[in-house]
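Undergrad: Encoded as structure tokens, here's the structure I'll be asking about.
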Amino acid sequence: MRKKKKLYEGKAKIVYETEDPNYLIQDFKDDASAFNGVKKGKIANKGYVNNQVSAHLFRYLSSYYVPTHFVDLHSDTAMVVRRLDMFPIEVVVRNIAAGSLLKRTKYKEGETLPKPLVEFFLKDDEKGDPQITEEDIINDGLATPEELDYIKRLALKINAVLKSFFERRGIKLVDFKLEFGKDKDGKIYLADEISPDTCRFWDVQSGEKLDKDRFRFDLGNVEEAYEEIRRRVFLEDTVTE
Ligand code: ADP
Ligand code: TMP
């Protein structure tokens with residue numbers, strides 16, 4: 001498949017049409033942004049790492065019957081994906097308290113939540129991606145109750161599968177953000193990316209942060225952290241599944 005017209009350029013990826021209207025190519029950039037675009041920079045090799053890590057995790061999730069938009073790798077930094085109508089919602093799953101949750105609750109950073117927490121944010125840069133309730137999502141027609149219920153259950157399944165995948169590689173999956181879309185027949189797929197840009201990863205042994213928080217808070221060794229995640233993701237499983 002070949003890149004045709006540029007369809008969209010976002011903060012982290014460029015999306016191209018292909019010769020087939022049902023498929024797109026998403027090319028991952030080294031550009032990094034945080035705090036709703038206020039902080040901008042570049043992370044060397046990020047496009048490569050995020051593409052490879054996302055591809056591997058999408059393939060792994062497919063083996064657990066999670067429908068994903070991933071079709072094939074296209075290049076070092078790009079993948080072919082199924083073209084979807086995206087739900088304008090960011091779905092965040094949390095296992096351990098961190099990030100924006102600390103501002104909204106009494107949890108201290110690092111506290112394990114009693115059970116995984118699913119939250120929804122409106123994908124709207126101008127409004128600063130505010131948190132929204134399930135009621136808002138349904139009342140505003142962003143998803144039907146059935147679609148939302150399915151998305152929530154799928155998000156929790158993805159969390160269970162990935163949490164254990166990362167545990168076996170010495171990494172705590174603290175939290176992460178997912179995006180979903182649906183095809184012409186209304187079938188819902190996991191889309192976008194799963195990478196150190198969209199997850200919080202903490203090393204089990206040292207507690208070191210191995211994700212975009214290193215860029216957000218100028219913690220240094222950003223490229224090294226991304227590369228370490230790529231290395232661990234590609235480690236063979238030692239546990240028989
Ligand atoms: P942003 O729009 O937040 O700046 P990106 O730079 O990551 O984000 O751009 C990728 C865009 O492509 C996002 O808006 C995302 O919702 C969208 N997208 C992801 N997967 C698909 C897909 N399979 N079909 C259509 N759009 C997609
Ligand atoms: P938060 O703690 O800032 O709400 O972020 C929760 C998770 O979602 C964290 O792993 C980072 C990820 N995330 C994104 O991928 N994109 C975003 O725009 C935001 C705000 C968070």
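Undergrad: For segment 11-55, what are the residues that are touching a Leu at 6+ places or on another chain (Cβ under 9 Å) and within 24 Å of E227 (Cβ to Cβ)? Full working, then the answer.
TA: Start the filter on segment 11-55 by keeping residues that are touching a Leu at 6+ places or on another chain (Cβ under 9 Å), which leaves 14-18, 24, 51-52, 55.
Correct list: I14, N51, Q52, A55.
Undergrad: Okay, moving on. Please tell me if A98 is away from ligand 1 (no atom under 14 Å from the Cβ), more than 14 Å from the chain's Cα centre (by Cα) and crowded, with 18+ Cβ neighbours inside 10 Å. Let's see the steps before the verdict.
TA: Details: away from ligand 1 (no atom under 14 Å from the Cβ): yes; more than 14 Å from the chain's Cα centre (by Cα): yes; crowded, with 18+ Cβ neighbours inside 10 Å: yes.
Yes, satisfied.
Undergrad: Are there strands (runs of 3 or more DSSP E) fully within segment 165-217 with at least 1 residues that are more than 23 Å from S63 (Cβ to Cβ) and either open to solvent by 20 Å² or more (accessible area, probe 1.4 Å) or among the polar types (S, T, N, Q) (or both)? List them. Full working, then the answer.
TA: On the way: elements: 171-182, 188-191, 199-203.
It comes to 199-203.
Undergrad: Within segment 57-89, track down each residue that is of a type in the set (F, W, Y) and surrounded by 20 or more Cβ atoms within 10 Å (Cβ to Cβ). If you could, list the steps in order and put the result at the bottom.
TA: Let us first name the residues in segment 57-89 that are of a type in the set (F, W, Y), namely 58, 60, 64-65, 70, 87.
Answer for segment 57-89, where residues must be of a type in the set (F, W, Y) and surrounded by 20 or more Cβ atoms within 10 Å (Cβ to Cβ): F58, F70, F87.
Undergrad: Taking segment 97-143, which residues are assigned to a helix (DSSP H, G or I) and within 14 Å of ligand 2 (Cβ to nearest atom)? Explain how you work it out, then say what you get.
TA: The initial filter retains those residues of segment 97-143 that are assigned to a helix (DSSP H, G or I), namely 101-104, 125-127, 134-139.
Across segment 97-143, the qualifying residues are L101, L102, K103, R104, D125, E126, K127.
Undergrad: Something else: Scan (1) of a type in the set (G, A, S); (2) within 30 Å of F217 (Cβ to Cβ); (3) open to solvent by less than 30 Å² (accessible area, probe 1.4 Å) for the single condition A143 breaks and write down its number.
TA: Answer for A143: the failing condition is (2).
Undergrad: Turning to a different aspect of this structure: Using beta carbons and a limit of 8 Å, which pairs, at least six apart or on different chains, have the first residue in segment 150-175 and within 20 Å of V233 (Cα to Cα) and within 13 Å of ligand 2 (Cβ to nearest atom) and the second one among the acidic types (D, E) and part of a helix (DSSP H, G or I)?
TA: The qualifying pairs are L173/E167.
Undergrad: Checking S33 against (1) surrounded by fewer than 21 Cβ atoms within 10 Å (Cβ to Cβ); (2) free of Cβ contacts under 8 Å to residues at least 60 places away in the same chain; (3) within 14 Å of the chain's Cα centre (by Cα): exactly one of these is not met. Which one?
TA: Only one criterion in (1) surrounded by fewer than 21 Cβ atoms within 10 Å (Cβ to Cβ); (2) free of Cβ contacts under 8 Å to residues at least 60 places away in the same chain; (3) within 14 Å of the chain's Cα centre (by Cα) is unmet by S33, namely (3).
The values are calculated or read from the model by the stated rules, or taken from the named source; none is laboratory data. Just so it is clear, the model here is predicted, and its values are computed rather than measured. With ideal geometry, Cβ positions are generated from the backbone for all residues, glycine too; neighbour counts draw on all protein chains shown. We work out accessible area using only protein heavy atoms, side chains counted, and drop any ligands, DNA or RNA first. Shrake-Rupley method; radii C 1.70, N 1.55, O 1.52, S 1.80 Å.
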